[in-house]
Amino acid sequence: MRLSQYFMPTLKETPKEAEIVSHRLMLRAGMVRQASAGIYSWLPLGYRVLRKIEQIVREEQDAAGYQEVLMPTIQSADLWKQSGRYDDYGKEMLRIKDRHEREMLYGPTNEELITEIFRNGAKSYRDLPKGLYHIQWKFRDEVRPRFGVMRGREFLMKDAYSFDLDFEAGRRAYQKQFVAYLRTFARLGLKAIPMEADTGPIGGNLSHEFIVLAETGESEVFCDRNFLEHDVLGTAIDYGDSASVENVVNYFTSLYARTDEKHDQAAFEKAVPAQRRYTGRGIEVGHIFFFGTKYSEPLGALVTTPDDDAVPVQMGSYGIGVSRLVGGIIEACHDDHGIVWPEAVAPYKVGLVNLRAADADCTAACDKLYGQLAQAGVEVLYDDRDESAGAKFAAMDLIGLPWQLVVGPRGLENGVVELKRRGGDTERAELSPEAALARLAG
Ligand code: 5CA
């Protein structure tokens with residue numbers, strides 16, 4: 001993409017309404033614009049990141065054996081009355097009446113609807129286990145939407161639902177999602193720590209929050225530093241082997257990790273030696289729940305057992321804040337100059353900077369590199385604008401692409417271009433255009 005043609009309305013000034021760094025950087029980099037309180041439009045640069053995160057989340061759900069569906073954003077109130085949550089949800093739920101005065105709502109989550117879908121489509125233990133997920137916009141009328149996309153009113157969530165015959169099978173499903181979450185966040189370039197959690201309006205008695213460490217997080221966290229050193233992608237996982245899944249879960253749940261809601265200082269000090277105690281703040285990017293028959297019972301989602309009894313199906317639900325993650329990743333990955341994207345979610349891999357757009361030779365060399373990179377399948381944002389070098393460097397640092405390939409007349413005279421790694425000041429090299437190309441395409 002040529003920057004001269006791209007819709008990327010960057011801001012020089014820091015927007016006053018933005019209290020935290022990710023919100024400031026997302027506005028300044030032209031990734032999002034607020035449409036109304038807690039509701040955002042995603043502009044091209046931001047939308048690319050959102051889609052990359054979504055895709056990684058999708059791949060890990062698929063790998064764990066879940067099937068993707070798409071449920072609507074607007075739901076009928078009827079099912080929510082059956083589960084008892086229509087009243088419980090209170091003012092957070094956006095209630096709507098259609099032209100026939102029927103009560104509708106903009107879904108804040110989907111336990112009821114998925115239970116109904118399951119109820120109508122599966123009847124017997126032979127239909128189990130099943131796992132379904134979707135990635136869809138939700139609406140919660142938060143009292144205090146703030147921090148940009150981190151606490152929005154409309155936000156994109158991946159929500160998955162498991163269906164099993166008995167408690168033991170349900171627990172195994174929960175454990176698979178636990179591992180899928182560790183892998184998802186690691187692939188996104190994040191350290192996310194699973195912490196015992198309260199279940200709130202979703203219900204149930206087994207629940208973990210996945211928390212990314214960041215100064216600006218809403219929760220205070222206490223954990224063992226061993227979490228930060230463990231490489232979850234180091235070993236492949238076989239979801240068919242429940243013992244290996246359980247081993248991973250057992251390791252992570254054996255270490256102390258709690259938010260302020262559940263923290264117990266004496267237990268922390270007993271479990272973790274002083275030098276391994278970590279206290280800080282974190283952002284909740286995922287939350288998983290096992291709630292057994294909380295929804296299947298009132299909604300009558302029954303399955304027959306091998307003995308021909310009818311029992312309510314055992315369920316869990318598993319959420320990831322896809323749009324919140326865009327902000328969360330920036331909170332964890334930035335410096336004084338701007339965003340420093342992990343490569344897996346960067347909107348483009350390379351920023352190609354033409355230092356002298358008015359110089360025909362320089363522009364010809366850039367155009368050639370741009371064509372070659374595109375040919376090699378490398379995602380490039382090409383700054384072909386007639387702007388000062390300073391303005392170009394500032395824009396590239398702000399938007400945080402992993403690599404900057406800088407081409408100027410002086411270097412070209414010596415047959416070299418400059419390749420810089422964003423965020424790693426030590427990684428900076430002058431090399432021939434061919435060598436740079438090989439490096440980036442390799
Ligand atoms: N039904 C369950 C799991 S599918 C559920 O709704 N869980 S939740 O309430 O914990 O939400 C799941 C994730 O969505 C959270 O971990 C968080 O990352 C994200 N999320 C929740 N509320 C917001 C919000 N207001 N803005 C942005 N993301 C949010």
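Please work out which residue is nearest to Gly377 (Cα to Cα), limiting yourself to the range 407-435 and to residues that are among the aliphatic types (A, V, I, L, M), over 31 Å from the mean Cα position of the chain (by Cα) and at pLDDT 95 or above.
Step one: of the range 407-435, the residues among the aliphatic types (A, V, I, L, M) are 407, 412, 416-417, 419, 429, 431, 435.
Subsequent filtering for residues that are over 31 Å from the mean Cα position of the chain (by Cα) retains 407, 412, 416-417, 429, 431, 435.
From what is left, the residues that are at pLDDT 95 or above are 407, 412, 416-417, 431, 435.
On the way: Val407: 20, Leu412: 24, Val416: 22, Val417: 20, Leu431: 21, Ala435: 16 Å.
Selected residue: Ala435.
Would you check which residues across the range 1-24 are within 21 Å of Val353 (Cα to Cα) and within 21 Å of the chain's Cα centre (by Cα) and list them? Before you say what the answer is, go through the steps one by one.
To start, the set of residues in the range 1-24 that are within 21 Å of Val353 (Cα to Cα) comprises 1-12.
Matches in the range 1-24: none.
Out of (1) outside any helix (DSSP H, G or I); (2) over 30 Å from Glu19 (Cα atoms), what's the single condition that is false for Val179?
(1)
Specify the residue that is nearest to the ligand (Cβ to nearest atom); the eligible residues are those in the range 134-149 that are part of a strand (DSSP E or B) and touching a Leu at 6+ places or on another chain (Cβ under 9 Å). Please lay out each step first, then the result.
If we filter the range 134-149 for residues that are part of a strand (DSSP E or B), which is where we start, we get 134-139, 146.
Applying the additional criterion that residues be touching a Leu at 6+ places or on another chain (Cβ under 9 Å) yields 134-139.
On the way: His134: 10, Ile135: 11, Gln136: 11, Trp137: 11, Lys138: 7, Phe139: 9 Å.
Among those residues, the one meeting the criterion is Lys138.
Which one of these does Pro201 not meet: (1) surrounded by fewer than 21 Cβ atoms within 10 Å (Cβ to Cβ); (2) assigned to a helix (DSSP H, G or I); (3) at pLDDT 95 or above?
(3)
For Arg99, all conditions in the list (1) more than 10 Å from the ligand (Cβ to nearest atom); (2) in a loop (DSSP other than H, G, I, E, B); (3) closer than 30 Å to Ala63 by Cα hold save one; what is the number of the exception?
(3)
Scan the range 242-286 for residues that are assigned to a strand (DSSP E or B) and either within 19 Å of His208 (Cα to Cα) or under 23 Å from the mean Cα position of the chain (by Cα) (or both) and report the count. Lay out the reasoning, then the answer.
Narrowing the range 242-286 to residues assigned to a strand (DSSP E or B): 257-259, 277-286.
Pick out the ones that are also either within 19 Å of His208 (Cα to Cα) or under 23 Å from the mean Cα position of the chain (by Cα) (or both) and you get 257-259, 278-286.
The number of residues fulfilling the criteria is 12.
Take the residues in the range 15-24 that are at pLDDT 95 or above and either assigned to a strand (DSSP E or B) or out of contact with any Asp or Glu (no Cβ under 7 Å at 6 or more places or on another chain) (or both), then tell me which one is surrounded by the fewest Cβ atoms within 10 Å (Cβ to Cβ).
This residue is Arg24.
Need the failing condition index for Ala394 against (1) in the same structural domain as Ile20 (by TED's automatic domain parsing); (2) closer than 22 Å to Val32 by Cβ; (3) out of contact with any strand residue (DSSP E or B) (no Cβ under 7 Å at 6 or more places or on another chain), just the number.
Here Ala394 clears every test but (1).
Looking for something under 20 Å from the mean Cα position of the chain (by Cα), surrounded by 14 or more Cβ atoms within 10 Å (Cβ to Cβ), farther than 29 Å from Val378 by Cβ and modelled with pLDDT under 95 - is there at least one such residue anywhere in the range 25-43?
No, every residue in the range 25-43 fails to be under 20 Å from the mean Cα position of the chain (by Cα), surrounded by 14 or more Cβ atoms within 10 Å (Cβ to Cβ), farther than 29 Å from Val378 by Cβ and modelled with pLDDT under 95.
When you look at Glu220, is it surrounded by fewer than 20 Cβ atoms within 10 Å (Cβ to Cβ), away from the ligand (no atom under 16 Å from the Cβ) and in a strand (DSSP E or B), yes or no? Let's see the steps before the verdict.
Values: surrounded by fewer than 20 Cβ atoms within 10 Å (Cβ to Cβ): yes; away from the ligand (no atom under 16 Å from the Cβ): yes; in a strand (DSSP E or B): yes.
Here the answer is yes, as Glu220 does meet what is asked.
Cβ-Cβ distance below 8 Å, separation of 6 or more or different chains: which pairs start in the range 41-67 with a residue that is assigned to a strand (DSSP E or B) and end on one that is charged (D, E, K, R)?
Pairs that qualify, where the first residue is assigned to a strand (DSSP E or B) and the partner is charged (D, E, K, R), are Ser41/Arg33; Gln67/Lys130.
For the structure I just gave you, tell me whether Phe289 is in contact (Cβ under 8 Å) with a residue 12 or more places away in the chain, assigned by TED's automatic domain parsing to the domain that holds Phe178, under 20 Å from Tyr161 (Cβ atoms) and in a strand (DSSP E or B). Give the steps one after another, and end with the answer.
On the way: in contact (Cβ under 8 Å) with a residue 12 or more places away in the chain: yes; assigned by TED's automatic domain parsing to the domain that holds Phe178: yes; under 20 Å from Tyr161 (Cβ atoms): yes; in a strand (DSSP E or B): yes.
Yes.
Assess whether Ile193 counts as being assigned to a strand (DSSP E or B) and either of a type in the set (S, T, N, Q) or away from the ligand (no atom under 12 Å from the Cβ) (or both). Talk me through it step by step, then tell me what you get.
On the way: assigned to a strand (DSSP E or B): yes; either of a type in the set (S, T, N, Q) or away from the ligand (no atom under 12 Å from the Cβ) (or both): yes.
Yes.
Between Gly131, Gly152, which is of a type in the set (Gly, Ala, Ser), in contact (Cβ under 8 Å) with a residue 60 or more places away in the chain and within 11 Å of the ligand (Cβ to nearest atom)? Explain how you work it out, then say what you get.
Values: Gly131 fails: within 11 Å of the ligand (Cβ to nearest atom).
Going through Gly131, Gly152 in turn, the sole match is Gly152.
Among Asp367, Asp397, which is modelled with pLDDT of 95 or more and over 23 Å from Arg24 (Cβ atoms)?
Selected residue: Asp367, the only one of Asp367, Asp397 that is modelled with pLDDT of 95 or more and over 23 Å from Arg24 (Cβ atoms).
The values are calculated or read from the model by the stated rules, or taken from the named source; none is laboratory data. Bear in mind the structure is a predicted one, so any value in this text is a computation, not a measurement. For neighbour counting, all protein chains shown are included, and Cβ atoms are generated from backbone atoms with ideal geometry for every residue, glycine included.
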